[in-house]
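Inspection log for the structure reproduced underneath, given as structure tokens.
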Amino acid sequence: MLETLTQGFSAAREKLAGVRVLSEENIDGALRDVRMSLLEADVDLAVVRDFLGRVKERALGEKVQTRVSDASGRTVKATPGQHFIAICEQELAQLMGPVDASLARKRGAVSIMLVGLQGVGKTTVAAKLARHLQRQQRKPLLVAADVYRPAAVLQLQRLGESIEVPVQAGAEGDAPAAICAAAAERARREGFDAIVYDTAGRLAIDDALMTELDEINAAVEPANTLLVCDALMGRDAVNVAQAFAERLTLDGVVMTKLDGDARGGAALAVKAVTGVPIKFLGTGETVDRLEPFRPEGLASRILGMGDVVGLVQDFEAVVDEREAEQAEQDAERMLEGKLSLDDFLSQLKLIRRMGPLKEIFAKLPGMGGFADQVEGDELTKVESMVHSMTRQERGDPDLIDKSRAARIARGSGRKQKEVRDLVGRFLQMREMMGQLGSGGMLGKIPGMGRLAGAGGPELDPAALLGGGGGGGGARQGKRSTQQRRKKRKAARKARKKGRR
Amino acid sequence: MLQRPMIDWLHPLATWIQAHPHLFLLVCAALPLVLVAAVELRRRPAAERQAEPAELPRTAPAPVPERRDAAPTVTVPEAPAPRAPVAEPPRAPRLRERLARTQEALVGRLERVLGGRELDAEVLDELEALLFSADLGVPTAESLLERVRKQPVGSDAASVRATLRDAVAEKLRAVEQPQPALAGPPHVILVLGVNGSGKTTTIGKLAARHAGEGRRVVLGAGDTFRAAAIEQLQAWGERVGCEVVAGQEGGDPASVAFDTLRAAVARGADVAIIDTAGRLQTKKPLMEELGKIARVIAREVEGAPHETLLVLDANTGQNAISQARLFTEVTSVSGLALTKLDGTAKGGVLVGLADAFGIPVRYVGVGEGVDDLRDFAADEFVDALFREDA
């Protein structure tokens, strides 16, 4: 599914490649691809139609700007294809916006009632919100008003314990509305200035349970009623949201389970159809995983460009603080051109822990095709060869001559040529990295400035990374001439930039 | 989440790298670098608010369980369900009405689209829209449309409906394979699914069904992660009147599975049902944990698990496809249970799933009561979807 989406938008982009002016004829095909992508992302059909109508109108109506300045004020070229995608993204964000993660107060207290279907994650969200409020220096009280699901009360109590927030529960047989009223009373008495009501999960069509919600609503008059919505949901999400919105005044939506590969297209439709803003996103199973909603993030996710986010999360999931620091240090060394094969090995190991290489590449925008060319055991081969090197050789691969290569090949059960290829490629790579570090394109990546120093020339990876680079195994003498040549090239480029 | 510029930057780079596949090692080595920066970026706003403790991955690979010192608790109810541990939810409308609602979404609108008109391009267009909005998924909707397109222009509504009905029925009949004959004893059932899909509830209903047929059932509380999940299963055990084997919250689920099977064998139980923690299918370590549980089960009882049941929420959209694919990769999913089939436009995803994977569909959950777990019947499902008088 992931690929389908990305492909949809890449296909759209490709269809518009080489197109100079966006016209009715040439965008129709692109629009169709986008439509498929959105439908696959569970976006409601009515919303899709409306959305495409607006994109079309804008694409045809606007003069395509071929030079636009991006966030950091640089001027970059934009093709009509890119322009088209940009319109899509803006319109998507428009559909989901405006951003408003604020919570209303009544008489100085933030009160929140959570409603939603069964199994969408209300209880977990209740605890997460309590944690969120706690961080804002509030004193929250949790209320367990789900008296139906076995152990639901206990679940909230456990979660409450873990964040040191008291949980108000009723005695057996208490009506949910009574439990909530008692909790509101306790909050006033004991000075809690935030209160979160966790209600029973329900089927929107169930009148008895909807009535129960009405009663709670009447009893405590919460300042916020939030609908908890599951990102895995299909098109019925819209009907559900509508059913809730008809009975209650909804102030916002919390979207959960966004830590998987769900696109959340259904939730997009919820905003579009009911007009209720999305306030928070649940992105993990622990109580800290609640993020204020940012439409741009979700837009690029739905467009299939946000897979990088998933990748980053995978990365976060497999590394701890110490390893992250280590990786950062490795990165710095890499940029200084001092990377050793040992560092390289540890980088590779980190990557492998994130899952099969193929899948990692599939998550990088535009790298799907590349993933197919990667052999599954390539990394294993590399590792075995590096393991067969001495410590000295790993620190300084230049040492590896023919006889050393022969020994390594024997030790790892590979061919000599493979060892030479590896060493050649590694040296080539190290050199490129070094060039990147010394005023390369690292400045382009937000957050990399610190690593790379300030600024950078116009993005041109091909030039920066050096020419095509043959199939590795470069001999030493040849390599150093190449090196000099590249250095000269880089220097020329830097001068050129200075003039500009 | 990431900023746009990051993605902008990645695209041309990706394109370039694709043209030079031999450089993939470079990509591998550079990836951590990029990711470190990205993590940094994500953490920054949080760090400004206050220093946050690093979040540990949820389950570190559990050490080999020490069987002896982690004595499992076994809850044995004194008498079959002396009292319901929690209030029964208010009685919801019955099955027929609910199925009626499910079909309203698809066929109610089918009538509106076709309603006496003859088949032409415009109708086809609307039909397409209709199929898409029933969670059938693009490939399945396309294949259904293909059938309709083959019909002569000018075909009437009834024949179009019949064509669609037959096509859907054909797809679903292929996966209509109710509960297999009991193996064992014990007949071991492993239950999986994403968070909140209804695993524990399905287990409760399934246990009730087996117990009702006079079988001895043992439940294993393998969800050791979520707060109070063990107690939730124990509440069901009490309600149904069967034993629940549980370990510690935060314990190793594979060892709970092991203990459950030992207990089941020792007590001569006919059926052992093992719960697992909900997990999103993209979480690698958690999916691997499932593989481990399955292996432990296979080692303990020959031929087990005899049934690996994937529980799927009927509300799920196209993500169900991804769920089926990834869960099947780590365990041999042998059956599906579709839960929460009580709202509107639900269950359409089943057709897409049948098309893509052909995993047998065993049960449908149609409500909150103990007896609301039914055998999946394709024709009934299709009849409900395409009833003439809708």
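A compact table of results
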item	result
Given (1) part of a loop (DSSP other than H, G, I, E, B); (2) open to solvent by 10 Å² or more (accessible area, probe 1.4 Å), number of the condition B:ALA235 does not satisfy	(1)
Residue in the range A:122-130 that is at pLDDT below 95, open to solvent by 40 Å² or more (accessible area, probe 1.4 Å) and within 12 Å of chain B (Cβ to nearest Cβ) present	no
Which listed residue, of A:ALA269, A:ALA245, A:ALA241, is open to solvent by 10 Å² or more (accessible area, probe 1.4 Å) and either in the same structural domain as A:SER162 (by TED's automatic domain parsing) or more than 11 Å from A:VAL228 (Cβ to Cβ) (or both)	A:ALA245
Every residue from the range B:116-133 that is charged (D, E, K, R) and outside any helix (DSSP H, G or I)	B:ARG117, B:GLU118, B:ASP120
Conditions (1) in contact with a Gly (Cβ under 7 Å, 6 or more places away or on another chain); (2) open to solvent by 30 Å² or more (accessible area, probe 1.4 Å); (3) more than 13 Å from A:ALA130 (Cβ to Cβ); number of the one not met by A:LEU154	(1)
Pair list, Cβ < 6 Å and 6+ apart or interchain, from the range A:397-422 residues that are within 22 Å of A:LYS338 (Cβ to Cβ) to residues that are of a type in the set (D, E, K, R) and crowded, with 18+ Cβ neighbours inside 10 Å	A:LEU399/A:GLU393; A:ILE400/A:GLU393
Single match in B:ASP156, B:ASP125 (criterion: within 14 Å of chain A (Cβ to nearest Cβ) and open to solvent by 40 Å² or more (accessible area, probe 1.4 Å))	B:ASP125
Residue selected from the range A:132-141 under the condition away from every other protein chain (no Cβ under 11 Å) and over 15 Å from A:LYS279 (Cβ atoms), by the criterion most open to solvent (accessible area, probe 1.4 Å)	A:LYS139
Per-region count, the range A:142-163, residues free of Cβ contacts under 8 Å to residues at least 12 places away in the same chain and more than 8 Å from chain B (Cβ to nearest Cβ)	1
Selected residue (only one of B:ALA134, B:ALA208, B:ALA235 is of a type in the set (A, V, I, L, M, F, W, C), at pLDDT 85 or above and within 21 Å of the chain's Cα centre (by Cα))	B:ALA208
Number of the condition not met by A:PHE280 [criteria: (1) within 17 Å of the chain's Cα centre (by Cα); (2) facing chain B (nearest Cβ under 10 Å); (3) closer than 19 Å to A:MET113 by Cβ]	(2)
Members of the range A:403-423 found to be among the polar types (S, T, N, Q) and either assigned to a loop (DSSP other than H, G, I, E, B) or within 11 Å of A:MET385 (Cβ to Cβ) (or both), listed by number	A:SER412, A:GLN416
Residue in the range A:59-66 that is at pLDDT 80 or above and crowded, with 18+ Cβ neighbours inside 10 Å present	yes
Count - residues of the range A:233-247 that are of a type in the set (A, V, I, L, M, F, W, C) and in contact with a helix residue (DSSP H, G or I) (Cβ under 6 Å, 6 or more places away or on another chain)	5
Qualifying residues in the range A:337-362 (those that are modelled with pLDDT under 65 and more than 10 Å from chain B (Cβ to nearest Cβ)) - the one farthest from the chain's Cα centre (by Cα)	A:LYS358
Residue that is most open to solvent (accessible area, probe 1.4 Å) [pool: residues in the range A:157-166 that are among the charged types (D, E, K, R) and either in a helix (DSSP H, G or I) or on the phi < 0 side of the Ramachandran plot (or both)]	A:GLU161
Helices (runs of 4 or more DSSP H) enclosed by the range A:173-259 - at least 3 residues per element that are within 12 Å of chain B (Cβ to nearest Cβ) and within 28 Å of the chain's Cα centre (by Cα)	A:236-247
B:LEU280 among the hydrophobic types (A, V, I, L, M, F, W, C), under 30 Å from A:ASP236 (Cβ atoms), surrounded by 22 or more Cβ atoms within 10 Å (Cβ to Cβ) and more than 14 Å from chain A (Cβ to nearest Cβ)	no
Members of the range B:238-254 found to be within 11 Å of another protein chain (Cβ to nearest Cβ), modelled with pLDDT of 90 or more and not in a helix (DSSP H, G or I), listed by number	none
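Per-residue answers, yes or no, for (1) in a loop (DSSP other than H, G, I, E, B); (2) of a type outside the set (D, E, K, R); (3) surrounded by 17 or more Cβ atoms within 10 Å (Cβ to Cβ):
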position: B:ASP135; (1), (2), (3): yes, no, yes
position: B:VAL148; (1), (2), (3): no, yes, yes
position: B:LEU190; (1), (2), (3): no, yes, yes
position: B:SER197; (1), (2), (3): yes, yes, yes
position: B:ALA208; (1), (2), (3): no, yes, yes
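This table checks each residue for (1) assigned to a helix (DSSP H, G or I); (2) open to solvent by 10 Å² or more (accessible area, probe 1.4 Å); (3) among the polar types (S, T, N, Q).
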residue	(1), (2), (3)
B:LEU310	no, no, no
B:ILE321	yes, yes, no
B:LEU326	yes, yes, no
B:GLU329	yes, yes, no
B:SER332	no, yes, yes
B:ALA337	no, no, no
B:GLY347	no, no, no
B:GLY352	yes, no, no
B:GLY358	no, yes, no
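The values are calculated or read from the model by the stated rules, or taken from the named source; none is laboratory data. What you see is a predicted model; the values in this text were computed from it and never measured. Glycine also receives a Cβ, built like all others from the backbone with ideal geometry; neighbour counts cover every protein chain displayed. Accessible surface areas use protein heavy atoms only, side chains included; no ligands, DNA or RNA. Shrake-Rupley method; radii C 1.70, N 1.55, O 1.52, S 1.80 Å.
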